[in-house]
Amino acid sequence: RKEVEQDPGPFNVPEGATVAFNCTYSNSASQSFFWYRQDCRKEPKLLMSVYSSGNEDGRFTAQLNRASQYISLLIRDSKLSDSATYLCVVNDNDMRFGAGTRLTVKP
Amino acid sequence: GAVVSQHPSWVICKSGTSVKIECRSLDFQATTMFWYRQFPKQSLMLMATSNEGSKATYEQGVEKDKFLINHASLTLSTLTVTSAHPEDSSFYICSAAGHLRAIINQPQHFGDGTRLSIL
């Protein structure tokens, strides 16, 4: 089993749609969690950290379920500029990256 | 603004050439730097972790004699791909973490990445 698994995608959605990405991790001792965004041929950029109580940043909401070892990212009112690959990252003393989920938002 | 600078951003060279990639932390002292490799449509794979003033720790399957890492100062780490071959063509990305890494919930800051193409 992979250490971090994500929805394979790709997700193709119209502008304004709501889209959710899921991610599971295998190491129950993992301590911190992040969502990164990576544009084509660019470096990953931190989108948001994920906190146990759940957290929201504008149109983006992240949730963590430690019991199920599951994190999620919800994007509301998606924009064309949201098109990218979204990486789930879990820190268990080393950063573990998911394979990424590609999102394409279309007009 | 960028907190980690990586140079060069693009390299094309002949097989057998050695290529050096630099990673600099701009606004903080990076006690730990990480080197990743990413093949097309795949996720980042950690190659090695370097700590300032000590030898790098390499992940399983990564040849330390092939990928030389030097972290001589708190703001600079270098990765040298020795005698590069076409199969070494990839996107190499560094990231840096300061002393706050001891606080495990600190995210890493990534460099812009280096696209290496070996002909």
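Read the figures in this text as sums done on the coordinates, not as results from a lab. Since the structure is predicted, the reported quantities are computational estimates derived from the model, not experimental observations. Neighbour counts are summed over all protein chains in view; Cβ atoms, including those assigned to glycine, are modelled from backbone coordinates with ideal geometry.
Going by how many other beta carbons lie within 10 Å of each one, how would you line up A:Glu3, B:Glu63, A:Glu43, fewest first?
Details: A:Glu3 15, B:Glu63 10, A:Glu43 23.
By the 10 Å Cβ count, ascending, the order reads B:Glu63, A:Glu3, A:Glu43.
Which entries of A:Lys45/B:Lys55; B:Lys20/B:Lys55; A:Lys42/B:Lys64 show an alpha-carbon separation above 23 angstrom in the structure shown? Mind showing how you got there, number by number?
On the way: A:Lys45/B:Lys55 28 Å; B:Lys20/B:Lys55 17 Å; A:Lys42/B:Lys64 26 Å.
Violating the 23 Å Cα-Cα cut-off are A:Lys45/B:Lys55; A:Lys42/B:Lys64.
Rounded to two decimals, what ratio of Rg to Rh does chain B give with C-alpha atoms and a Kirkwood Rh?
With Rg and the Kirkwood Rh in hand, the quotient comes to 0.95.
Taking 4.7 Å between beta carbons as the limit, the unpaired Cys residues of the protein assembly as shown are A:Cys40, B:Cys13.
Contact order, relative form, for the range A:8-92: 40 percent (alpha carbon pairs under 8 Å, 6 or more residues apart, mean separation divided by residue count).
Close amide H contacts of A:Leu47 (hydrogens built in the peptide plane, cut-off under 5 Å, sequence separation of 5 or more or a different chain): A:Trp35, A:Tyr36, A:Arg37. Of all the C-alpha pairs in the protein assembly as shown, what % are more than 34 Å from each other? The share of Cα pairs beyond 34 Å in the protein assembly as shown comes to 15 percent. Note on chain A: GNM, Cα springs under 10 Å; of A:Cys23, A:Cys40, A:Cys88, the largest mean-square fluctuation is that of A:Cys40.
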